[in-house]
Structures are given as C-alpha cells and as structure tokens.
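All remarks here apply to the structure that follows.
No lab work stands behind these numbers, since they all come straight from the coordinates. As the structure is a computational prediction, the values presented were derived from the model and not from experiment. With ideal geometry, Cβ positions are generated from the backbone for all residues, glycine too; neighbour counts draw on all protein chains shown.
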Amino acid sequence: MRKLVVVVAVVAGLVASTGVASASVGSAVTVGGAVASPKSYSAAELAGADLDQLVTASAPQLPPGKNTALRVTVSVSGAHRSVTFALAELDPAFGNHPAVFRTAGRGVDLTVPGDRNASRTVTGVRSVRVAVSDAGPATHAVRVTVGRRTVTLPPALLAHLPRRTVTATFAAGDTPQTHTESGPSLALVLLVAGVLPTPDKTVVAVGSDGYGAAVTLAEESAGGRPLVLSTVEDGVALELPRLVPLGDVKGGRYVSGVTALAVG
C-alpha cells in the first residue's frame, strides 16, 4: 500500500511539473494550417467569439491578387464531426452568415445561428484548420476537378440543364445592384460532372481572369442560400457562366466567366 501511495505521488508530481494537468483543463482549441500566427485558445477565451474573427486574427497566408481572402476555407473539428466553411460566408462584408463559439462544460461548441438545421453544429471543438486554394483557370469551358480527376463541361451543355431563376441583390463597391440570374444549381452541375453533391463539398470557382472564390454546398443545404451557376443574366445569355451565391451582401463571390470548379 505504501508503495502505491509513493507511485501515485511521483506521477502527480510529474504531471504538475510538465503542465499536463493545466493543459487538460479548459479544452484548448488550436488554430493552424495556412496561417502566419497559429494559436491556442481556452474555452473561456472563445465564449461568444466569431469563427471569422478567430481566423482573421491568425492571419491566413494569402497569395497575391484581388480578394484572395475569398479563397480561404476553414475546417472545424470536434468530438464527433468536422465541418468546413468558406471564410467569406462568415465575413460580415460578404456572406454575413456568422458561426459562433459557445462554452459547453469545460469545452466549447460551434453553432451557426442563421442555419435552418443543426448539421453544421460542432460539439467539443478541438481544432480550426485554415486552407487557401491555388486553383487556376481553364479555357473556353468549365473544368471540374476532384483530386486528380477532371471533367470538362461545355457551356452549351450547362445552358441546356434545368434552370432556376433568382433575383440577386448585392453591393458592388458602394453601388447596389440587382440582377435576374438563371441557370442550373451548383449541386446539379457537380452531379452532371459525376461528383456526388454532398453538403461537405467545398467548391472554388475560378474565372477566366484567375479570380476565384470558395463556397460550400452546405451554404444551401443548411444555410438556405441557393448556389446557382448562372448562364443567363438579365435575359442575356452568358458566354461563360457566373457563380451566384445568393444572399451575399457584396458581390465579391459572384465570379464571372467561370472556367474552373475545384472541388474539395
């Protein structure tokens, strides 16, 4: 019995000296990946914080170019699931659809208050990982890429797919714009390309000029915001389609002249 007491005391001393005990309390959440300033946070520090603010504070490593922050995706992993967001969906200046941390016991959960269901709720958050797409444009058609697999969809094919018509209102700089957009849903386009359009899919649309922006299919399935690849704008057929993430307050993710869809 005395030997057991001594062993327990020694182990307790080692735990205290290495800080393991303090690390386990508060369920630290790490922010890493393609960031300049990785960091760990306690549950208390995250209570009420926005995911967008957390990622921005870690300074995603962006390539040169216009609005390349729109290429950032964020994966939040917890006890039972991992959910990926397009950072711009969360950004008040673009999608304005925030995801918020809340304390839960000694840990922290992530919720999306504006969603129509809880499919993007992450309990027991452990890590936040940032990625930045380097997908480039294609030429004269829409190239759908999944890993090493590539399918090319001619614009004429897209123009003949079942269409949905939506009214898009957004700000371009300080100027409000309203357009009638008509075309297949992004999910249907992926299905035609042989990609199962599940909510966990991320898609980076890239225009012929190299401009790109990320969306996730969960923005529609959970967030209730349609994602359309418009082939007709204001009654005029487009030579190349336009990505329309309905509900964005600014038009940064309205990618014109789409030639590539990089699926993650």
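Grab the other residues whose beta carbon is less than 14 angstrom from that of residue 262, score K and R as +1, D and E as -1, and report the net.
Working: positive: 71, 143, 148, 149, 201; negative: 134.
Within the 14 Å Cβ shell, the charges total +4.
For the chain, find the longest principal axis of its Cα atoms and tell me its angle to the long axis of helix 2-18, 0 to 90°, nearest 10.
Between helix and principal axis, roughly 40 degrees.
Counting each DSSP H run of 4 or more residues in the chain as -39500 (n - 2.57), what helix-only mean residue ellipticity at 222 nm follows after dividing by all residues, to the nearest 500 deg cm²/dmol? It would help to have the intermediate numbers written out before the result.
Numbers: 8 runs with 53 residues, N = 264.
Rounded to the nearest 500, the figure is -5000 deg cm²/dmol.
Take residue 123 and residue 39, extend 7 Å from each Cα along the Cα→Cβ direction, and tell me the distance between the two endpoints in nm.
A separation of 2.9 nm, rounded to one decimal place.
Scaled to the compact-protein estimate 2.2 N^0.38 Å, what is the alpha-carbon radius of gyration of segment 119-198, rounded to two decimal places?
Working: Rg = 17.1 Å, N = 80, 2.2 N^0.38 = 11.6 Å.
Cα Rg divided by the expected 2.2 N^0.38 Å: 1.47.
What does the charge add up to near residue 113, with Lys and Arg as +1, Asp and Glu as -1, over the other residues with Cβ less than 15 Å from its Cβ? Mind dumping the intermediate values first?
Details: positive: 102, 116, 120, 225; negative: 50, 52, 89, 109, 115, 219.
Its environment carries a net charge of -2.
Skipping prolines and chain starts, which residues have an amide H placed within reach, meaning under 5 Å, of the one on residue 238, given they are 5 or more residues away or on another chain?
232, 233
Between residue 47 and residue 249, how high is the FRET efficiency from 1/(1 + (r/R0)^6) when r is the Cβ-Cβ distance and R₀ = 25 Å? Nearest 0.05.
Working: r = 27 Å, r/R0 = 1.06.
Efficiency, rounded to the nearest 0.05: 0.40.
Regarding the chain, what's the average projected area of the Cα-atom convex hull, expressed in nm²?
On the way: hull surface 68.6 nm².
Spelled out: convex hull of the Cα atoms, projected over all directions, averaged, 17.2 nm².
Return the Rg/Rh value of segment 142-263, two decimal places, where both radii are evaluated on C-alpha atoms and Rh is the Kirkwood radius.
Values: Rg = 13.2 Å, Rh = 14.2 Å.
Rg/Rh for segment 142-263 comes to 0.93.
From a point 7 Å beyond the Cα of residue 165 in the direction of its Cβ, which residues of segment 216-245 have a backbone N at a distance under 17 Å?
Hits in segment 216-245 for residue 165 at 17 Å: 228-238.
Using the Karplus equation 6.51 cos²θ - 1.76 cosθ + 1.60 (θ = phi - 60°), what ³J(HN,Hα) coupling, rounded to whole Hz, does each residue of segment 169-185 give in order, writing x for Gly and Pro?
After applying 6.51 cos²θ - 1.76 cosθ + 1.60, I find 10, 7, 9, 10, x, 9, 9, x, 10, 9, 9, 9, 10, 9, x, x, 5 Hz.
Show me, for segment 229-235, the HN-Hα J-couplings you get by feeding each phi into the Karplus relation (A = 6.51, B = -1.76, C = 1.60, θ = phi - 60°), rounded to Hz, glycine and proline as x.
9, 5, 10, 9, 10, 6, x
Which of the aspartates and glutamates could a cross-linker span from residue 66 if the Cα-Cα distance has to be under 12 Å and same-chain partners fewer than 8 positions apart are dropped?
Excluding near neighbours in sequence, the set is 209.
Residue by residue through segment 248-264, which ³J(HN,Hα) values in whole Hz follow from phi under the Karplus form 6.51 cos²θ - 1.76 cosθ + 1.60 (θ = phi - 60°), with glycine and proline marked x?
Each residue's phi maps through the Karplus curve to give 5, 7, 10, x, x, 8, 7, 7, 8, x, 4, 10, 8, 10, 9, 9, x Hz.
Could you check which residue among 49, 135, 86 shows the biggest mean-square fluctuation in a GNM of the chain with a 10 Å Cα cutoff?
Comparing 49, 135, 86 in the GNM, the peak value goes to 49.
Among the trypsin sites (Lys or Arg not before Pro) in segment 36-99, which ones are in a DSSP loop with at most 13 other Cβ atoms within 10 Å of the Cβ? Mind listing them? Present the calculation step by step, with values, prior to reporting the outcome.
Numbers: sites: 39, 66, 71, 81; in loops: 66, 81.
Passing both the DSSP loop test and the Cβ count: 66.
Between 64, 137, 199, find the one with the highest GNM mean-square fluctuation for the chain; connect C-alpha pairs within less than 10 Å.
Looking only at 64, 137, 199, the largest GNM fluctuation is found for 64.
Add +1 for every Lys or Arg and -1 for every Asp or Glu among the other residues with Cβ under 14 Å from the Cβ of residue 31, and state the total. It would help to have the intermediate numbers written out before the result.
Details: positive: 39, 126, 129; negative: 45, 50, 52.
Local charge sum for residue 31: 0.
Write down the radius of gyration of segment 33-181 and its Dmax, each obtained from C-alpha positions, in Å.
So, for segment 33-181, Rg and Dmax equal 18.3, 55 Å respectively.
What aspartates and glutamates does residue 201 reach when the alpha-carbon gap must be under 20 Å and sequence neighbours fewer than 8 apart in one chain are set aside?
Within the straight-line limit of under 20 Å, residue 201 reaches these aspartates and glutamates: 52, 89, 91, 115, 134, 219, 220, 248.
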